[in-house]
Amino acid sequence: MPRSPVSSLARRPGLLAAVLFMATMALAAALAWQAAGAAASHRAAAEATLTHHAIIAAWRMSREGRSWVGYGMSQAEDQLLRETAQHSELPGPELLRRALAEKDCDCMSAGFSRAIFRMVNNGEPKLDWLGEPLSDSARQALLHAVLRAAADTAPRKGPRAWQILAPGEPGLGHTTDFVLLWKIGDPKHGVRAIYGMVVEPAQIARPLRGALGEANFFPPSLVPERSADSLVRIEVAGPNRQPVFVAGPDTHRFVGSDTMGLAFGNLTVTAAIDPAASRLLIKGGLPGSRAPMIVALLSLTLAMGGAALLLLRREQRLARLREDFVSGVSHELRTPLTQIRMLSELLQSDGFHTDAERTRATEVIHREALRLTNLVDNVLEFSRLRRPNPAPAPEPVSLAGVIRELAESFAPLLNAQGDRLELALDVDLEVSGDRDAISRVLRNLVENAVKYGPPGQAIRLTLAATDPPGGARVTVDDQGPGIPADERLRIWQPYYRLDRDRNAPAGGSGLGLSVVADLMRLLGGRASVESAPGGGARFTVEFPGAVTRAPAPP
Ligand code: ADP
């Protein structure tokens, strides 16, 4: 039956974890993408709102500006009509100055004029001029513009017969000068004359300032009236883009514009809203960028996912080591148990012919029982060390004494292997600690030397003072294969066994050296491994606080 992909994934937890990790990351990335998109559209909507407010502000200013400037122009027009009505012949340009200077005329001011002029519409194109002279070309351009205005009979709303020519149209030398025109005539006879005035931008700026005060850019319920002006920048410019009126803060971010129309020289009003207004106009203000937060959260998710994967890998390695442990221990148990059972059965049934055979059998039973005891002791010690236990009270321990005892108890095992145990105990050193723990440390090291070294080898146990003095060092040298340099740290981990020994006949639990390391830590000392001079392994344990005793008894 073909395997489904899901069941084959379930059979390989590592692959499953990797797939889940990738899926989680993809999901987190998708969520981050969504969040970034939502934040961007939130921001875009808020920005669009501010731009709309700018467009409305420009429109309000332009409407109010038309009203203020138009009022002044219309008042001047009325005054001019009144004045011209009193004369059968149209007076010269000075009439305009007189009309504007009238006390009760609330009209444009003659004070800002550079020059005033008049053109009589009698087919003889000529400007009667008073004031600053113009270059010939500027004068020609102005004459054409005035003639065009006179010819313009397009119907307009109301009786308005005035017009503003924006700066630069025509070009008159000063790039910000306006030309104000008033047409005198009637519907029957058409335009009889045009009075005009070349003025500085202040002429227009004055009514625009008044308009600004009335424009009401925002509903007072949203923005208090006194702060409205400080939040909106207003710029009025002619088609030549030369600003003729500027007010408000220096901001150019959220911009809208409106034009004042042909009669006002197509002046453009541009409004820009200060981002500071966003808190008043939009609930919660302009949303800040979420990118750093999203990147941080994504990195955190990635880091946590990575950590989970690492933990999983560690867990898997531990599980494999535990499996090795179980099979190693089973092997360790089965071999001596089988030997003990067989030999004891033979002893029971009197199956041996000679006393020597019987003695040999009891020796083997003893040796195997010893190995079993040691194995079980190591397992128990390992689990004891992982529980909180009160440390036994330290006692003075003679290291030479412990080593001699050990040599005695190992004699049957060593004999069986044909191994030699050489003791180099030139000095006795006494340390303070748990005697059983010290004995277990050395027992494990010697047992490993016997187990992993070749039969018939010499195992050397040396006791010496440390350099600098103050501690005791015990080394166990064997003539086995040694420990490869890159494994010398890992062999101290619980359940760890070298690959070459995993399936070797000499089974093991992988706990012996981890018990050695733990006990040495508790004793305040340390354990290490290197190569022995003969090529085997040299395990060294160092105990602190050693006191030299009299030369070791034989
Ligand atoms: P084990 O019960 O397997 O002996 P240990 O923790 O005592 O467990 O040792 C861990 C591993 O280190 C062993 O499986 C073996 O591969 C290696 N080892 C330990 N002592 C020696 C030694 N004297 N010579 C060679 N290899 C050794």
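The values are calculated or read from the model by the stated rules, or taken from the named source; none is laboratory data. Only a predicted model underlies this, so the values are computations on that prediction, with no experimental measurement involved. Every residue, glycine as well, gets a Cβ built from its backbone with ideal geometry; the counts of neighbours run over all protein chains shown. Quick note on the areas: whole protein, heavy atoms, side chains included, nothing else; ligands and nucleic acids left out. Shrake-Rupley method; radii C 1.70, N 1.55, O 1.52, S 1.80 Å.
So how many residues does region 176-223 have that are at pLDDT below 85 and among the hydroxyl-bearing types (Ser, Thr, Tyr)?
The qualifying residues number 1.
Is it fair to say residue 123 is surrounded by fewer than 17 Cβ atoms within 10 Å (Cβ to Cβ), of a type outside the set (Asp, Glu) and closer than 23 Å to residue 74 by Cβ? So that I can check it myself, show each step before the final result.
Working: surrounded by fewer than 17 Cβ atoms within 10 Å (Cβ to Cβ): yes; of a type outside the set (Asp, Glu): yes; closer than 23 Å to residue 74 by Cβ: no.
No.
Do we find that residue 438 is part of a helix (DSSP H, G or I) and touching a helix residue (DSSP H, G or I) at 6+ places or on another chain (Cβ under 6 Å) in this structure? Break it down stepwise before answering.
Working: part of a helix (DSSP H, G or I): yes; touching a helix residue (DSSP H, G or I) at 6+ places or on another chain (Cβ under 6 Å): yes.
Considered against the rule, which asks whether it is part of a helix (DSSP H, G or I) and touching a helix residue (DSSP H, G or I) at 6+ places or on another chain (Cβ under 6 Å), residue 438 comes out as yes.
Looking at region 46-76, which of its residues are open to solvent by less than 10 Å² (accessible area, probe 1.4 Å) and farther than 28 Å from residue 162 by Cα?
46, 50, 54
Are there any pairs with C-beta distances below 9 angstrom linking a residue in region 15-39 that is closer than 21 Å to residue 288 by Cα to a residue that is in a helix (DSSP H, G or I) and at pLDDT below 85, with the two at least 6 apart or on different chains, and if so which?
36/291; 39/291
When the residues of region 454-467 are filtered to those that are of a type outside the set (Val, Ile, Thr) and open to solvent by less than 10 Å² (accessible area, probe 1.4 Å), which remaining residue is farthest from the ligand (Cβ to nearest atom)?
Pass one, region 454-467, residues of a type outside the set (Val, Ile, Thr): 454-458, 460-461, 463-465, 467.
Remaining after also requiring open to solvent by less than 10 Å² (accessible area, probe 1.4 Å): 457, 461, 463.
On the way: 457: 10, 461: 13, 463: 18 Å.
Looking at the filtered set, the residue picked out is 463.
So how many residues does region 338-359 have that are touching a helix residue (DSSP H, G or I) at 6+ places or on another chain (Cβ under 7 Å) and at pLDDT below 90?
Within region 338-359, residues that are touching a helix residue (DSSP H, G or I) at 6+ places or on another chain (Cβ under 7 Å) and at pLDDT below 90 number 2.
For residue 537, indicate whether it is at pLDDT 90 or above and within 11 Å of the ligand (Cβ to nearest atom).
Numbers: at pLDDT 90 or above: yes; within 11 Å of the ligand (Cβ to nearest atom): yes.
Yes.
Of everything in region 197-243, what is in a strand (DSSP E or B) and open to solvent by 20 Å² or more (accessible area, probe 1.4 Å)? Give them in sequence order.
Our first condition is that a residue be in a strand (DSSP E or B); within region 197-243, this holds for 197-199, 232-237, 243.
If the condition is that a residue be in a strand (DSSP E or B) and open to solvent by 20 Å² or more (accessible area, probe 1.4 Å), then 233, 235, 243 are the ones that fit.
For residues that are out of contact with any His (no Cβ under 8 Å at 6 or more places or on another chain) and in contact (Cβ under 8 Å) with a residue 60 or more places away in the chain, scanning just region 269-284, find the one that is most open to solvent (accessible area, probe 1.4 Å). Explain how you work it out, then say what you get.
Step one: list which residues in region 269-284 are out of contact with any His (no Cβ under 8 Å at 6 or more places or on another chain), which gives 269-271, 274-276, 278-280, 282-284.
Still in the list and also in contact (Cβ under 8 Å) with a residue 60 or more places away in the chain: 269-271, 275, 278, 280, 282.
Details: 269: 1, 270: 45, 271: 0, 275: 41, 278: 8, 280: 70, 282: 26 Å².
So the residue we want is 280.
I'm trying to understand the selection: among the residues of region 468-493, which are open to solvent by less than 40 Å² (accessible area, probe 1.4 Å), part of a loop (DSSP other than H, G, I, E, B) and closer than 30 Å to residue 318 by Cα?
478, 480, 482, 483, listed by residue number.
Being open to solvent by less than 70 Å² (accessible area, probe 1.4 Å) and under 30 Å from residue 496 (Cβ atoms) narrows it down to one residue among 442, 425, 347, 380; which is it? Quick ask: steps written out before the conclusion?
On the way: 425 fails: under 30 Å from residue 496 (Cβ atoms); 347 fails: under 30 Å from residue 496 (Cβ atoms); 380 fails: open to solvent by less than 70 Å² (accessible area, probe 1.4 Å).
On inspection, the qualifying residue turns out to be 442.
Where residues in region 510-528 are within 8 Å of the ligand (Cβ to nearest atom) and open to solvent by 10 Å² or more (accessible area, probe 1.4 Å), which of them is nearest to residue 374 (Cα to Cα)? Steps first, answer last, please.
Restricting attention to region 510-528, the residues satisfying the condition of being within 8 Å of the ligand (Cβ to nearest atom) are 510-516.
This time we only want the ones that are open to solvent by 10 Å² or more (accessible area, probe 1.4 Å), so: 510, 512-513.
Details: 510: 13, 512: 9, 513: 13 Å.
Among residues in region 510-528 that are within 8 Å of the ligand (Cβ to nearest atom) and open to solvent by 10 Å² or more (accessible area, probe 1.4 Å), the one nearest to residue 374 (Cα to Cα) is 512.
Pick out the one residue from 429, 414 that is touching a helix residue (DSSP H, G or I) at 6+ places or on another chain (Cβ under 8 Å), modelled with pLDDT under 95 and within 16 Å of the ligand (Cβ to nearest atom). Break it down stepwise before answering.
Values: 429 fails: within 16 Å of the ligand (Cβ to nearest atom).
Testing whether each residue is touching a helix residue (DSSP H, G or I) at 6+ places or on another chain (Cβ under 8 Å), modelled with pLDDT under 95 and within 16 Å of the ligand (Cβ to nearest atom) leaves just 414.
Please determine whether any residue of region 236-249 is of a type in the set (Lys, Arg), modelled with pLDDT of 85 or more and closer than 21 Å to residue 46 by Cβ. Write out each step before concluding.
Step one: of region 236-249, the residues of a type in the set (Lys, Arg) are 241.
The next check asks that each one be modelled with pLDDT of 85 or more; those that pass are 241.
So of that shortlist, the ones also closer than 21 Å to residue 46 by Cβ come out as none.
For region 236-249, residues of a type in the set (Lys, Arg), modelled with pLDDT of 85 or more and closer than 21 Å to residue 46 by Cβ: absent.
Tell me which residues, restricted to region 250-277, are farther than 19 Å from residue 47 by Cβ and assigned to a strand (DSSP E or B).
258, 259, 268, 269
Do the conditions hold for residue 114, that is, is it under 22 Å from residue 76 (Cα atoms), charged (D, E, K, R) and in a strand (DSSP E or B)?
Details: under 22 Å from residue 76 (Cα atoms): yes; charged (D, E, K, R): yes; in a strand (DSSP E or B): yes.
Here the answer is yes, as residue 114 does meet what is asked.
Whether any residue in region 542-553 is within 15 Å of the ligand (Cβ to nearest atom), open to solvent by 20 Å² or more (accessible area, probe 1.4 Å), hydroxyl-bearing (Ser, Thr, Tyr) and under 28 Å from residue 428 (Cα atoms) is what I want to check.
Of all residues in region 542-553, those within 15 Å of the ligand (Cβ to nearest atom) come to none.
So far as region 542-553 goes, no, none of its residues is within 15 Å of the ligand (Cβ to nearest atom), open to solvent by 20 Å² or more (accessible area, probe 1.4 Å), hydroxyl-bearing (Ser, Thr, Tyr) and under 28 Å from residue 428 (Cα atoms).
For residue 139, state whether it is among the charged types (D, E, K, R) and under 60 Å from the mean Cα position of the chain (by Cα).
Working: among the charged types (D, E, K, R): yes; under 60 Å from the mean Cα position of the chain (by Cα): no.
Considered against the rule, which asks whether it is among the charged types (D, E, K, R) and under 60 Å from the mean Cα position of the chain (by Cα), residue 139 comes out as no.
Output the residues belonging to region 441-453 that are near the ligand (Cβ under 9 Å from one of its atoms) and in contact (Cβ under 8 Å) with a residue 60 or more places away in the chain.
Scanning region 441-453 gives 444, 445, 447, 448, 449, 452, 453.
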